Amino acid sequence: MAGRTLAEKILSRASGIADAKAGQIVEAAPDLALSHENTFLVGKSFSELGVGQIWDPSRVVVVLDHRTPANTIQTAAAHARIRQLVKELGIEKFFDVGEGICHQLLIERGLAKPGQLILGADSHTTTAGAIGAFATGIGATEMAGVWAMGSLWLKIPETILVSLNGHLAHGCFPKDVSLHLASVLGPSGAEYKCIEFTGGHIIDTTISGRMVLCNMAAEMGAKAAVVPADSTVMVRYIGCGPLPCDPVQSDPDASFEDKLDVDVSKIPPMVSGPHQIDKVGSVEKFEGVSVDQAFIGTCTNGRLEDLVVASSILKGRKVALGCRLIVVPASRTVLEEAIDMGLIQTILSAGGIVLPPGCGPCLGAHEGVLAPGEVCISSSNRNFRGRMGSEEAEIYLASPATVAASAIMGKISDPREVLSNEL
Amino acid sequence: MSSKGRVWRFGDDVNTDLIIPGRYLDNYDPAHLASHAMEGASRQFAKNVRKGDVIVAGRNFGCGSSREQAVVALKQAGVSAVLAKSFARIFYRNAVNLGLPVVISPDACDLFIDGEGVIIDMSEGVMISESRRVTSRIDPIPDHVRKILDAGGLVPYIKEALARRANV
């Protein structure tokens, strides 16, 4: 029998069909079902279904993160309804305003586990692939169907194997690798596919870094992105009892639709320009573009190691006059650790603004909406026109290091010029 | 399944922030969402769209966020079907689940012009211009998707399935 991919193995187990193959449509049962503020819509469709009970409330996770604390009366009312709903339906894995971004909490709180099938009512659900889960996004009504029935149809995707090798150069980070991949694959190059990361560089990549890679895969259309669980991942689950399913790896003779080899040592700091992910090039191409707002945060790059790098650049320096630096830690835990390490003090001393954990201004709802003509450099994942406010604003995407360097210069700048050689 | 309306033509990679920007999402009222439909891509759309109109687009329609409001906005605005060279997968699923026909057509985007009157005949697998000068092939809707669309979306589909189960 031919070997099988990780995606085929996880979806075979979740659907109870031995040896299900790419291209096959299966009815799969998730190990976790995640939703955020759109739980309001999930709840609405769920009540229309009239089934009363959730199939398994212990597998449901609800996080308020997109507009937190509430930005409008409507949002506040939606939050209030969601709080009521989780009580009524017995959802214990509920994380209220201020705990952090749903994708961060799934991993940080140990909810996501290797080998699981995770469904999330959010496009960046792919992030949980960082610990070896098959995690994919769906919509709110579909999540209501999952709450009611405990399963949904999924087509088992073909897999693109991305082999990352070499060591990152000074000033370069997983975000730069992702932006490089975006330049290769474009916004739909992985449409309906699973991206599986492998290679020597992955072994050296932290879980935070793996989360960046899996998160950004959504911007290339990927259905899921996964790093097979290795010792870096498994050490986190020691003492947590047996895993609900075995961690899986693709077989060496599995059938991959495509294979990409990337020497990460050749990747420079990258920037994606307005208004699409693949308008991407090395930072030199964009250097000098004047910046009104610099934003460090989100499910892509709001973790502790991002704040460590940014703070190392900000230390002893000041944000340029006329530029705002907004920092949003991805979770309460990240914020607490950053306080303990003195990072928050460094950011504040440099003139930065620190906002409560959550999605922040990424989706243009609040906390840093852009005016017409303004330019933002952001560590987030989307630079679609109008995403963060005015349609006449421009969003550039980069690593936290490049964002921090740009904040102190007031224009898009190369982080290698200001980053210590030790980082 | 068939529909009749005018063509609204768009290019590749029409993302959900163009279909319905995030700043409008805290109000779930379908009429509010429809009044901003496609705002990022066309200022004319929400004002002039009529019931039955058809969106014809290139590759990767609906990429980006999982926001279901993108489908709600289009459906409430009167859009009867979206034809594209390809769809981003979450948008595709959302459309099916909310009963908005989404159809893959390799050439509709290249053949039809903005404002042209068209008839879509799903059973024949064609979209024809009312002038009869242009015909575009549309891919058949897969069976597992068609049964959800035929029911009018996922909620009625599941309700029917549960009712059948209760009657057995």
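The values are calculated or read from the model by the stated rules, or taken from the named source; none is laboratory data. None of these values were measured; they are calculated from a predicted model. We place every Cβ from the backbone using ideal geometry, glycine too, and count neighbours over all the protein chains shown.
With the condition kept exactly as written, say whether any residue in segment A:385-402 is crowded, with 24+ Cβ neighbours inside 10 Å, hydroxyl-bearing (Ser, Thr, Tyr), in contact with a strand residue (DSSP E or B) (Cβ under 6 Å, 6 or more places away or on another chain) and closer than 29 Å to A:Asp96 by Cα.
no
Quick one: which residue in A:Gln276, A:Gln293, A:Gln345 is within 14 Å of chain B (Cβ to nearest Cβ) and either farther than 25 Å from B:Gly40 by Cβ or touching a residue at least 12 places away in the same chain (Cβ under 8 Å) (or both)?
The match here is A:Gln276.
Can you tell me which residues in segment B:95-108 are away from chain A (no Cβ under 14 Å) and out of contact with any Ser or Thr (no Cβ under 8 Å at 6 or more places or on another chain)?
B:Val103, B:Pro106
Could you list, in sequence order, all residues of segment A:246-281 that are farther than 21 Å from A:Pro187 by Cβ, surrounded by 20 or more Cβ atoms within 10 Å (Cβ to Cβ) and of a type in the set (Gly, Ala, Ser)?
Passing the criteria: only A:Ser250.
Confirm whether A:Leu106 is crowded, with 24+ Cβ neighbours inside 10 Å and either within 14 Å of chain B (Cβ to nearest Cβ) or among the basic types (Lys, Arg) (or both).
no
Cβ-Cβ below 6 Å, separation at least six or inter-chain, first residue in segment A:317-335 and over 18 Å from A:Leu304 (Cβ atoms) and modelled with pLDDT of 95 or more, second polar (S, T, N, Q) and buried (at least 22 other Cβ atoms within 10 Å of the Cβ): which pairs?
Pairs found: A:Arg324/A:Gln293.
Would it be correct to say that A:Lys285 is more than 16 Å from A:Gly115 (Cβ to Cβ) and out of contact with any helix residue (DSSP H, G or I) (no Cβ under 7 Å at 6 or more places or on another chain)?
yes
Considering only segment A:47-64, state which residues are of a type in the set (Gly, Ala, Ser) and within 14 Å of chain B (Cβ to nearest Cβ).
Correct list: A:Ser47, A:Gly50, A:Gly52.
Restricting attention to segment A:290-305, and to residues there that are of a type outside the set (S, T, N, Q) and in contact with a strand residue (DSSP E or B) (Cβ under 7 Å, 6 or more places away or on another chain), which single residue is nearest to A:Asp340 (Cα to Cα)?
The qualifying residue nearest to A:Asp340 (Cα to Cα) is A:Gly302.
Determine whether A:Asp122 is buried (at least 19 other Cβ atoms within 10 Å of the Cβ), under 22 Å from A:Thr141 (Cα atoms), modelled with pLDDT of 95 or more and of a type in the set (D, E, K, R).
In short, yes.
Name the pairs whose Cβ atoms lie under 6 Å apart, with the first residue in segment B:68-94 and over 25 Å from B:Asp110 (Cα atoms) and facing another protein chain (nearest Cβ under 9 Å), the second among the aliphatic types (A, V, I, L, M) and not in a helix (DSSP H, G or I), and 6 or more positions between them or separate chains?
Listed by first residue and then by second, the contacts come to B:Gln69/B:Ile20; B:Gln69/B:Leu25.
Within segment A:73-83, track down each residue that is touching a residue at least 12 places away in the same chain (Cβ under 8 Å) and either within 13 Å of another protein chain (Cβ to nearest Cβ) or surrounded by 24 or more Cβ atoms within 10 Å (Cβ to Cβ) (or both).
A:Thr75, A:Ala78, A:His79, A:Arg81, A:Ile82, listed by residue number.
Out of (1) away from every other protein chain (no Cβ under 14 Å); (2) closer than 20 Å to A:Cys172 by Cα; (3) part of a loop (DSSP other than H, G, I, E, B), the odd one out for A:Pro356 is which?
In the conditions (1) away from every other protein chain (no Cβ under 14 Å); (2) closer than 20 Å to A:Cys172 by Cα; (3) part of a loop (DSSP other than H, G, I, E, B), A:Pro356 misses (2) alone.
Only one of these conditions is not met by B:Ile128: (1) under 30 Å from A:Ala190 (Cβ atoms); (2) over 13 Å from the mean Cα position of the chain (by Cα); (3) more than 14 Å from every other protein chain (Cβ to nearest Cβ); (4) surrounded by 15 or more Cβ atoms within 10 Å (Cβ to Cβ). Which number is it?
(1)
Restricting segment A:198-233 to residues that are out of contact with any Leu (no Cβ under 9 Å at 6 or more places or on another chain) and of a type in the set (A, V, I, L, M), which is surrounded by the fewest Cβ atoms within 10 Å (Cβ to Cβ)?
A:Ile203
Name the pairs whose Cβ atoms lie under 9 Å apart, with the first residue in segment B:7-28 and closer than 9 Å to B:Ala57 by Cβ, the second surrounded by fewer than 20 Cβ atoms within 10 Å (Cβ to Cβ) and among the β-branched types (Val, Ile, Thr), and 6 or more positions between them or separate chains?
From residues that are closer than 9 Å to B:Ala57 by Cβ, the pairs are B:Arg9/B:Ile113.
So if I check each of B:Ser35, B:Ser2, which one is away from chain A (no Cβ under 14 Å), within 16 Å of the chain's Cα centre (by Cα) and among the polar types (S, T, N, Q)?
Unique residue meeting the criteria: B:Ser2.
Given the condition exposed (fewer than 15 other Cβ atoms within 10 Å of the Cβ) and under 15 Å from B:Val14 (Cβ atoms), answer yes or no: does some residue in segment B:112-123 qualify?
Within segment B:112-123, one or more residues are exposed (fewer than 15 other Cβ atoms within 10 Å of the Cβ) and under 15 Å from B:Val14 (Cβ atoms).
Could you tell me which of the residues A:Glu191, A:Glu219 is within 25 Å of A:Asp19 (Cα to Cα), under 19 Å from the mean Cα position of the chain (by Cα) and touching a residue at least 24 places away in the same chain (Cβ under 8 Å)?
A:Glu191
Okay, residues lined up against (1) of a type in the set (A, V, I, L, M); (2) at pLDDT 95 or above; (3) not in a strand (DSSP E or B):
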{"position": "A:Leu154", "(1), (2), (3)": "yes, yes, no"}
{"position": "A:Leu161", "(1), (2), (3)": "yes, yes, no"}
{"position": "A:Leu181", "(1), (2), (3)": "yes, yes, yes"}
{"position": "A:Val184", "(1), (2), (3)": "yes, yes, yes"}
{"position": "A:Ala218", "(1), (2), (3)": "yes, yes, yes"}
{"position": "A:Cys240", "(1), (2), (3)": "no, no, yes"}
{"position": "A:Pro244", "(1), (2), (3)": "no, no, yes"}
{"position": "A:Phe256", "(1), (2), (3)": "no, yes, yes"}
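Kindly indicate whether A:Asp306 is part of a loop (DSSP other than H, G, I, E, B), acidic (Asp, Glu) and within 17 Å of A:Asn381 (Cβ to Cβ).
no
Could you please find all residues in segment A:131-152 being more than 10 Å from every other protein chain (Cβ to nearest Cβ) and in a loop (DSSP other than H, G, I, E, B)?
Once the filter is applied, which keeps residues that are more than 10 Å from every other protein chain (Cβ to nearest Cβ) and in a loop (DSSP other than H, G, I, E, B), segment A:131-152 yields A:Gly132, A:Ala133, A:Gly150, A:Ser151.
Looking at segment A:371-407, which of the residues that are acidic (Asp, Glu) and outside any strand (DSSP E or B) is farthest from the other protein chains (Cβ to nearest Cβ)?
A:Glu374
Could we say that A:Gly120 is over 23 Å from the mean Cα position of the chain (by Cα) and closer than 15 Å to A:Thr39 by Cα here?
no
Could you list, in sequence order, all residues of segment B:151-168 that are of a type outside the set (A, V, I, L, M, F, W, C) and either under 18 Å from B:Trp8 (Cα atoms) or surrounded by 15 or more Cβ atoms within 10 Å (Cβ to Cβ) (or both)?
Matches in segment B:151-168: B:Gly153, B:Pro156, B:Tyr157, B:Lys159.
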